[in-house]
Amino acid sequence: MDEKVPAVEPGAACALDEVVQNAGKRLQELIKNVDRFTASELVIDESLNKWGMPSSSEKAQFDYIVPWKKPRRGALSVEEYREA
């Protein structure tokens, strides 16, 4: 991904205040769009024998729910609940 870095015009600069303000707006948009989401995770744990071959395995699936909250202006709270 970082192998090719795009060229930058010499002397080009960004106004820090503008960058921070726009980043804040995008974060607010993200919170509004994904204020609550769910996901599933599958974990496979394999034990290897002395030859490096799998000798046993265990599988577990977890379901997640992640609500985002704004407890007060300027603050963000993210919690994660996992159910096996």
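Below, the figures for the structure above:
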read-out	value
Filter result for GLY24 (in a helix (DSSP H, G or I) and small (Gly, Ala, Ser))	yes
Total residues in the range 40-82, condition acidic (Asp, Glu) and in a loop (DSSP other than H, G, I, E, B)	2
Candidate set from the range 26-37 (those that are more than 14 Å from the chain's Cα centre (by Cα) and not basic (Lys, Arg)); member that is nearest to LEU76 (Cα to Cα)	GLN28
Condition met for GLY74 (at pLDDT 85 or above and at positive phi)	no
Inter-residue pairs, beta-carbon under 6 Å, first more than 24 Å from LEU27 (Cα to Cα) and in the range 59-84, second among the β-branched types (Val, Ile, Thr) and assigned to a strand (DSSP E or B), 6+ apart	LYS59/ILE44; ALA60/VAL43
Options SER56, SER40; residue that is within 15 Å of the chain's Cα centre (by Cα), surrounded by fewer than 10 Cβ atoms within 10 Å (Cβ to Cβ) and among the hydroxyl-bearing types (Ser, Thr, Tyr)	SER40
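The values are calculated or read from the model by the stated rules, or taken from the named source; none is laboratory data. The shown structure was predicted, so the numbers you read here are calculated from the model rather than taken from an experiment. Virtual Cβ from ideal backbone geometry, glycine too; neighbours counted across all protein chains shown.
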